[in-house]
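The values are calculated or read from the model by the stated rules, or taken from the named source; none is laboratory data. Nothing here was measured: the structure is a model prediction, and the numbers come from that model. Here Cβ is always computed from backbone atoms with ideal geometry, including for glycine, and neighbour counts include all displayed protein chains. Side chains are part of the model used for accessible areas, which takes the heavy atoms of the whole protein and leaves out ligands, DNA and RNA. Shrake-Rupley method; radii C 1.70, N 1.55, O 1.52, S 1.80 Å.
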Amino acid sequence: MSAVLKEFTVGERLLTIEGVCVSYDKPVLKKLDAKIDNIVRDGMQQGQVVALLGPSGSGKTQLFRCIAGLQRPNSGSIRLKSSTTQVMPGEVGVVAQHYPLFNHRTVLGNLLVAASRHTKDPKQAREKAVAMLEEFHLEDKAMSYPQSLSGGQRQRIAIAQQLLCSSHFLLMDEPFSGLDPLAKRRVCETIAGVSGKHDLNTMIVVTHDIESAIAIADTVWVLGRDRDDKGNPVPGARIQEVINLAEMGMAWDPDIESRPEFFELTKRIKRQFAEL
Ligand SMILES: Nc1ncnc2c1ncn2[C@@H]1O[C@H](COP(=O)(O)OP(=O)(O)OP(=O)(O)O)[C@@H](O)[C@H]1O
């Protein structure tokens, strides 16, 4: 299934990144701007999936931490929805690599901790946690402990946990790293499943994996440095390109990886990486 832009109506602003600078001894991010709008698509319930791609050392982790509210940029702002204040830790769900969970609690226990952050009523928290387990088809694992889960199951619990804490906004850090092709496909299916559950579900996936990024995203942000007149990189990265896969008819297609445009785009981004 592919969609074309004229079928979309643009809704509210979900994320605004404005003039973000992060520096240590040298600038890492420089006047970085980006935004995510809620795009309501006729006839489909579909959230937004943005893949943040960039060569190693370009500043993906720094940007990730800033969007999660875990790090304040030196200047500039990151705001959610219509808020006029900077994002705070906890407002955005963070699905870290390797999916840390409370190992001494059952799966349901893990979700109850998350659900209890938003309600003081234990009955309501339990209902929310159980509903989330059902949504992720993990009812039979409710009483299991995290050590007994597969990597894919841990990931789904970690996503469910973060959705309970932070409602619609999720940041995922390298969800494809170290996985074989079949496991990567399952992760893509999980991300597609979450983004298809609600129009407002918004995911930013930080990854090195260009193929998987194109397979799951509707938008790709390419992070990298500018070049000076002599072709040398200038310190301080920004979003060099926004690739609107939805507009190109390349989003939400389970067979995207067999299409010639997919190979072309992958090749182009790989070439571009060498120059960023
Ligand atoms: N605490 C710090 N002090 C000084 N420099 C730092 C610090 N943290 C990150 N940097 C620098 O910021 C730059 C960007 O790092 P970052 O980890 O965000 O890159 P990345 O794109 O996530 O890389 P990778 O893909 O290899 O994980 C690097 O040059 C790094 O050395």
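Can you spot the lysines whose alpha carbon is less than 26 Å from Lys123's alpha carbon? Ignore those fewer than 8 places along the same chain.
Lys141, Lys197
List every residue whose amide H lies under 5 Å from the amide H of Lys197, counting only residues 5 or more places away in sequence or on a different chain, with H placed 1.01 Å from N in the peptide plane.
The answer is Gly47.
Taking Lys81 as the anchor, which aspartates and glutamates have their alpha carbon closer than 16 Å to its alpha carbon, excluding any fewer than eight residues away along the same chain?
Straight-line reach from Lys81, under 16 Å: Glu12, Glu18, Asp33, Asp37, Glu91, Asp199.
For Lys35 and Thr119 in one chain, what is 0.36 nm times their gap in residues minus the Cα-Cα distance, to one decimal in nm? Could you put the intermediate results ahead of the total?
Values: separation 84, 0.36 × 84 = 30.24 nm, distance 3.06 nm.
That works out to 27.2 nm of additional length.
For His118, what accessible surface area do you get with a 1.4 Å probe? Give it in Å², rounded to 10.
120
Tally Lys and Arg at +1 and Asp and Glu at -1 over the other residues with C-beta under 10 Å from the C-beta of Val22: what net charge comes out? Intermediate values should be presented prior to the final figure.
Details: positive: Lys30, Arg65, Arg72; negative: none.
Residues near Val22 contribute +3 overall.
Round to the nearest 10 and report in Å² the accessible area of Tyr24, as given by a 1.4 Å probe over the protein chains' heavy atoms.
140
Write down the radius of gyration of the stretch 98-168 and its Dmax, each obtained from C-alpha positions, in Å.
Every Cα atom of the stretch 98-168 included, Rg and Dmax give 10.8, 32 Å.
Residues of the stretch 39-66 with amide nitrogen under 19 Å from the 7 Å Cα-to-Cβ point of Glu18?
66
Below 8 Å, C-alpha to C-alpha, sequence gap of six or more: please give me the relative contact order for the chain in percent.
Working: 548 pairs, mean separation 71.4, N = 276.
Over the chain, the number comes to 26 percent.
In the chain, what % of DSSP beta bridges are antiparallel (nearest 5)? Spell out each step's value before the answer.
Values: 23 of 41 bridges.
Around 55 percent of the beta bridges assigned by DSSP in the chain are antiparallel ones.
How many angstrom lie between the Cα centre of the stretch 23-95 and the Cα centre of the stretch 200-276?
16
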